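The values are calculated or read from the model by the stated rules, or taken from the named source; none is laboratory data. In this text the structure is predicted, and so the values were computed from the model without any measurement. Ideal geometry is used to build each Cβ from the backbone, glycine not excepted, and the neighbour counts take in all protein chains shown. Heavy atoms of the whole protein, side chains included, go into the accessibility calculation; ligands, DNA and RNA do not. Shrake-Rupley method; radii C 1.70, N 1.55, O 1.52, S 1.80 Å.
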Amino acid sequence: MQHDDAFETWAAKVVARRWPRACVDKISALRGDLSTRRFWRVSIAQQKPNIAPRGESGAPATAILVDLGPDDFPRYVHALNLVPRRRADPPWIDVHRALESIGAPVPALYDADLARRALMVEDVGELSLLDAVRRPGADAADLFRLAASELIRLHVDGTGQIDRRCVAREIAYSGRLFEWELKEFAEVGLAAVAPGAGYSRIAPELTRMAARLDRFPRVFSHRDYHGHNLFIQDGPRIRIIDFQDALMAPAAQDLAVLLTTRDTDEFVTPKIEQRILDFYCAGLARRGIAATLAPAEFIGSYRLCVLQHALKMIGRFEMFERGGKRGYRPYIPHALAQARRMLAQMGADFPELCAALGA
């Protein structure tokens, strides 16, 4: 990983080259995600704001400088050997190219230096979907419908049009991956929410859950489509970030992440949840997409995805805390509540898990 000065020097050169009448004013570090990527907000000053070179529209007020870090893929890709061959472009650039090709509202890529593993991209602002929902007078259903509209684009156009050479096409959210993710729940999450519960009793049910998820048809999926990775701009308009881990997954997986991640249960009520699911299914029909699953099967796939995601995140949040990444343990009760809610509707399929979690 290069020193910050090297990235800042590169950023200054990018701004000078792309917008000749602009220069870097200030570079401020941003809080990153849980990967090794790093981010800075670059404030750009117009040297002659009223005179732009012919053919250019002038520089934006800000841009985002990205250090892609040393590794292109999350742990599960290496652990399960899901991308065996070396690829020319980092996944961020590969998936960005694919999403741009279908008109998805991803940030513009201003410049890239693959040797330096640096990107300069459009700044989509600071108002995340979750922050927007929490504003006084906000309509949660309307904002989540907006997010679901873009999800339909990803699932329909992404599945049908994105080049099969895109890295996302090579990685399937298979039963093998679902089960691998549940190991963190088994190893650390179960003891955190159900002290004394025996893993051996629930292990066959976790294996069965992953096998059932493996049978659903897959679509082009963002994988981490939640309110911290979606931003609201005037319009309102959704902008999508953090898409580099895209893969092929059951359609309900993105919906489960969107509607139940972290503390969304504070404003996504079961009634709003059902409205968004109905809106999504109606949107597929409006696009002329024949349902690959009957309505009851689709709801069943959604419940399984919510349950698996909740269990996975219980383990992950606990693992983060034990690893020194603070602030995630308060989300565990929300994830546990989602798991119990799903088990209450399909407890006969998972009796040992119901008993362990008090569902």
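So which residues in the stretch 258-275 are closer than 20 Å to Leu154 by Cα, in a helix (DSSP H, G or I) and under 18 Å from the mean Cα position of the chain (by Cα), if there are any at all?
Start the filter on the stretch 258-275 by keeping residues that are closer than 20 Å to Leu154 by Cα, which leaves 258-261, 273, 275.
From what is left, the residues that are in a helix (DSSP H, G or I) are 258-260, 273, 275.
The answer is Leu258, Leu259, Thr260.
Do you know which residues across the stretch 115-128 are open to solvent by less than 40 Å² (accessible area, probe 1.4 Å), within 30 Å of Ala138 (Cα to Cα) and not in a loop (DSSP other than H, G, I, E, B)?
Listed by number, the residues that qualify are Val121, Ser128.
Which residue, of Ile289, Ile241, is aliphatic (A, V, I, L, M), in contact (Cβ under 8 Å) with a residue 12 or more places away in the chain and surrounded by fewer than 17 Cβ atoms within 10 Å (Cβ to Cβ)?
On the way: Ile241 fails: surrounded by fewer than 17 Cβ atoms within 10 Å (Cβ to Cβ).
Checking each option against the conditions leaves just Ile289.
I'd like the full set of residues that are surrounded by fewer than 18 Cβ atoms within 10 Å (Cβ to Cβ) and of a type in the set (D, E, K, R), limited to the stretch 219-238.
Going through the stretch 219-238, the residues surrounded by fewer than 18 Cβ atoms within 10 Å (Cβ to Cβ) turn out to be 228, 233-237.
The answer is Asp234, Arg237.
Does Arg326 meet the test of being open to solvent by 60 Å² or more (accessible area, probe 1.4 Å) and either under 18 Å from the mean Cα position of the chain (by Cα) or under 26 Å from Glu187 (Cα atoms) (or both)? It would help to see each step written out before you state the result.
On the way: open to solvent by 60 Å² or more (accessible area, probe 1.4 Å): yes; either under 18 Å from the mean Cα position of the chain (by Cα) or under 26 Å from Glu187 (Cα atoms) (or both): yes.
In short, yes.
Being among the β-branched types (Val, Ile, Thr) and under 19 Å from Ala147 (Cβ atoms) is the filter; apply it to the stretch 270-304 and report the residue that is modelled with the lowest pLDDT.
In the first step, residues of the stretch 270-304 are kept if they are among the β-branched types (Val, Ile, Thr); the result is 272, 276, 289, 292, 299.
So of that shortlist, the ones also under 19 Å from Ala147 (Cβ atoms) come out as 272, 276, 289.
Numbers: Ile272: 97, Ile276: 97, Ile289: 75.
The qualifying residue modelled with the lowest pLDDT is Ile289.
Based on what the data block shows, is Ala112 within 24 Å of Arg262 (Cα to Cα) and open to solvent by less than 50 Å² (accessible area, probe 1.4 Å)? Steps first, please.
On the way: within 24 Å of Arg262 (Cα to Cα): no; open to solvent by less than 50 Å² (accessible area, probe 1.4 Å): yes.
Here the answer is no, as Ala112 does not meet what is asked.
Looking at (1) at pLDDT 95 or above; (2) over 20 Å from Val219 (Cα atoms); (3) of a type in the set (D, E, K, R), which one does Glu179 not meet, given that it meets all the others?
In the conditions (1) at pLDDT 95 or above; (2) over 20 Å from Val219 (Cα atoms); (3) of a type in the set (D, E, K, R), Glu179 misses (2) alone.
Out of (1) under 22 Å from Arg31 (Cβ atoms); (2) out of contact with any Ser or Thr (no Cβ under 8 Å at 6 or more places or on another chain); (3) of a type in the set (A, V, I, L, M, F, W, C); (4) open to solvent by less than 10 Å² (accessible area, probe 1.4 Å), the odd one out for Trp92 is which?
It is condition (4) that Trp92 fails.
Say whether the condition of being within 29 Å of Val188 (Cβ to Cβ), in a helix (DSSP H, G or I), out of contact with any Lys or Arg (no Cβ under 8 Å at 6 or more places or on another chain) and open to solvent by 20 Å² or more (accessible area, probe 1.4 Å) is met by at least one residue in the stretch 300-309.
yes
Checking Ala197 against (1) closer than 20 Å to Pro250 by Cβ; (2) open to solvent by less than 60 Å² (accessible area, probe 1.4 Å); (3) in contact with a Leu (Cβ under 8 Å, 6 or more places away or on another chain); (4) of a type outside the set (Val, Ile, Thr), only one condition comes out false. Which one?
It is condition (1) that Ala197 fails.
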